[in-house]
Amino acid sequence: MNYMHVDYSTKIPNNVNLGEDRQVLKALEGWHPGYIDWWNDMGPDGFQQSLVYLRTAYSVDPRGWAKFDYVKMPDYRWGILLAPQEENRVIPFGENHGKPAWQEVPGEHRAMLRRLIVIQGDTEPASVEQQRYLGKTAPSLYDLRNLFQVNVEEGRHLWAMVYLLQKYFGRDGREEADELLRRRSGDADSPRMLGAFNEATPDWLSFFMFTYFTDRDGKMQLHSLAQSGFDPLSRTCRFMLTEEAHHMFVGETGISRVVQRTCEAMREAGITDPTDIAKVRALGVIDLPTIQKKLNLHYSLSLDLFGSEVSTNAANAFNAGIKGRYHETQIKDDHRLQNATYPVLKLVNGEIKRVDEPALTALNMRLRDDYTQDCAKGMLRWNKIISTAGYDFKLTLPNVAFHRDIGEFKDVHATPDGVLTDDATWNKRRGEWLPSSGDGDFIASLMTPVTETGKYAAWISPPKVGIDNKPGDFEYVKIET
Ligand code: BYC
């Protein structure tokens, strides 16, 4: 089997020899119509007949795996793509460290593995649902195309998890696959599984924040699952990470372009104080303090996705060899962590303190720390734009105790600087730290669609380079009339 190349001759493109795996092929073909119904009901609103300049994976070779072409979204070839199998791969951590990686589900870890795959799978359609209406207000055809690229690939990531469920988990896997199409983001009766995936993504600044911060949680979780001793999961996640990189690029450059445009407009108007919100807003751009509030919101929501700082679930998954650490194989230690400790931020007598905890139960905290470090890179880039424009203003990540719903700080209030506050202060000052309805209304007022080729809404700068090196006036989406 040549794993590099994807078989497009079957209804479901794949590099896993589906043609000879009749039972799984049948299960996937049975699931396909429900998926298309879901896409039509919950995928991008409108534009389904538009030609979109999308990339489709035709190989899993990291040096060249994507092909760009105009595609109508419902005709996108969602497929099953796994990174090539590594010969003699061993379980890289936990109690089974060094034993051959599993090609089948180990019976004793079946429930845990299924749970992790279902949680991962649940986030993918959720994000598409959250972004459903954004196409109507896209600031350019370039951005519209990026939104749809992200959406179809999240759809493919759902397929990736459904393949694992259907191939390796029998009847209950098939039931879980159906449930993934039944739950809905934000639905009161049948919500998505994790908090951040039930929040609204009401505007494009939120979209960029989401793809920067929440997709980055995706990156960290996928990296941890890519270490899994269950080899099919590892291979699936390794390929998903290739696609995921573009989603975070959309977020990082999106925020850069918003910051850039705001700074340019302030300079042109001779504004010296970037916190003079009324003056800046009058220019039709998003003021930096409001960008900071959106950042506070999306970062804190995304921190919740790491679960509790101290978690026996995380310890069990590591011990079992199911979910590893970020860059596990590059870490120089015993990969078992039986006697190791890790410093965890905790509330001790009303103060936030670092306390050593057994490293095994602190794995969520460790992954979250890795995530925070990764997030900080964006701040450097955005702050460079602000300082180059001559403004004394810094975007910062809020303290991890700020605005939390999960874990150690869920029952307290803290300012973005990490000062614990009482309820009254929090209620009074909340609007200084998190977007208020007035901020939302202002941003919404800017969200008018721009569909002319090569043109951009006035609140965002054009990108530095086009997708697939296309020129500035390239028609990324041919909108049906
Ligand atoms: N919301 O021991 P605990 C992505 C539950 S994003 C609701 O603290 P654990 C993407 C937890 O389920 C990546 N419930 O935490 C991005 C448990 O409930 P049960 C998605 C939560 O289990 C953008 C209880 O609290 N992938 O790919 O160590 C666009 C105690 O759990 C939450 C994954 O997350 C929450 N935030 O860690 C598209 C990977 N947090 O079972 C896609 C798989 C915790 O006692 N997931 N709970 O009823 C995991 O590794 C872990 O399950 C979690 C939680 C990190 C989610």
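The values are calculated or read from the model by the stated rules, or taken from the named source; none is laboratory data. The model shown is predicted, which means the values in this text are computed figures rather than measured ones. Methodologically, a virtual Cβ is constructed for each residue, glycine included, from the backbone with ideal geometry; neighbour enumeration extends over all protein chains shown. Keep in mind that these areas ignore ligands, DNA and RNA; they rest on the heavy atoms of the full protein, side chains included. Shrake-Rupley method; radii C 1.70, N 1.55, O 1.52, S 1.80 Å.
At a glance:
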| item | result |
| --- | --- |
| Some residue of region 102-111 being hydrophobic (A, V, I, L, M, F, W, C), open to solvent by 50 Å² or more (accessible area, probe 1.4 Å), within 25 Å of the chain's Cα centre (by Cα) and farther than 26 Å from Lys136 by Cβ | yes |
| Hits in region 86-117 - residues which are out of contact with any Asp or Glu (no Cβ under 7 Å at 6 or more places or on another chain), in a loop (DSSP other than H, G, I, E, B) and of a type outside the set (Lys, Arg) | Glu86, Glu87, Asn88, Ile91, Gly94, Glu95, Asn96, His97, Gly98, Glu104, Val105, Pro106 |
| Top-ranked residue of region 299-348 - restricted to ones that are of a type in the set (Ser, Thr, Tyr) and open to solvent by less than 10 Å² (accessible area, probe 1.4 Å), ranked as farthest from the ligand (Cβ to nearest atom) | Tyr299 |
| Some residue of region 349-370 being surrounded by fewer than 16 Cβ atoms within 10 Å (Cβ to Cβ) and under 24 Å from Asn96 (Cα atoms) | no |
| Cross-chain or 6+ apart pairs with Cβ under 6 Å, region 388-406 first and more than 12 Å from Cys263 (Cβ to Cβ), then β-branched (Val, Ile, Thr) | Ala401/Ile352 |
| Subset of region 201-225 (residues that are of a type in the set (Gly, Ala, Ser) and within 11 Å of the ligand (Cβ to nearest atom)) | Gly218, Ser224 |
| Condition check for Leu233: part of a helix (DSSP H, G or I), open to solvent by 20 Å² or more (accessible area, probe 1.4 Å), touching a residue at least 12 places away in the same chain (Cβ under 8 Å) and of a type outside the set (Asp, Glu) | no |
| Which listed residue is at pLDDT below 95, outside any helix (DSSP H, G or I) and either farther than 30 Å from Phe68 by Cβ or hydroxyl-bearing (Ser, Thr, Tyr) (or both), from Thr481, Thr451 | Thr481 |
| Test: Arg267 is on the phi < 0 side of the Ramachandran plot, in contact with a Leu (Cβ under 8 Å, 6 or more places away or on another chain), surrounded by fewer than 18 Cβ atoms within 10 Å (Cβ to Cβ) and among the basic types (Lys, Arg) | no |
| Answer from Arg261, Arg216 - the residue that is assigned to a helix (DSSP H, G or I), open to solvent by 10 Å² or more (accessible area, probe 1.4 Å) and more than 19 Å from Tyr142 (Cβ to Cβ) | Arg216 |
| Verdict on Ser300 being closer than 30 Å to Thr361 by Cβ and part of a loop (DSSP other than H, G, I, E, B) | no |
| Qualifying residue in region 78-88 (condition: in contact (Cβ under 8 Å) with a residue 40 or more places away in the chain, farther than 30 Å from Ala320 by Cβ and surrounded by fewer than 19 Cβ atoms within 10 Å (Cβ to Cβ)) | no |
| Contacts under 7 angstrom Cβ, first residue in region 18-38 being under 20 Å from Pro74 (Cα atoms), partner open to solvent by 20 Å² or more (accessible area, probe 1.4 Å) and not in a helix (DSSP H, G or I), 6 or more apart | Glu29/Lys11 |
| Pairs with Cβ under 7 Å, 6+ apart, first in region 112-127 and more than 6 Å from the ligand (Cβ to nearest atom), second open to solvent by 10 Å² or more (accessible area, probe 1.4 Å) and among the hydroxyl-bearing types (Ser, Thr, Tyr) | Ala126/Ser185 |
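Here's the yes/no breakdown for (1) over 14 Å from Gly218 (Cα atoms); (2) more than 11 Å from the ligand (Cβ to nearest atom); (3) not charged (D, E, K, R):
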site: Tyr133; (1), (2), (3): yes, yes, yes
site: Glu154; (1), (2), (3): no, no, no
site: Trp159; (1), (2), (3): yes, yes, yes
site: Leu164; (1), (2), (3): yes, yes, yes
site: Glu175; (1), (2), (3): yes, yes, no
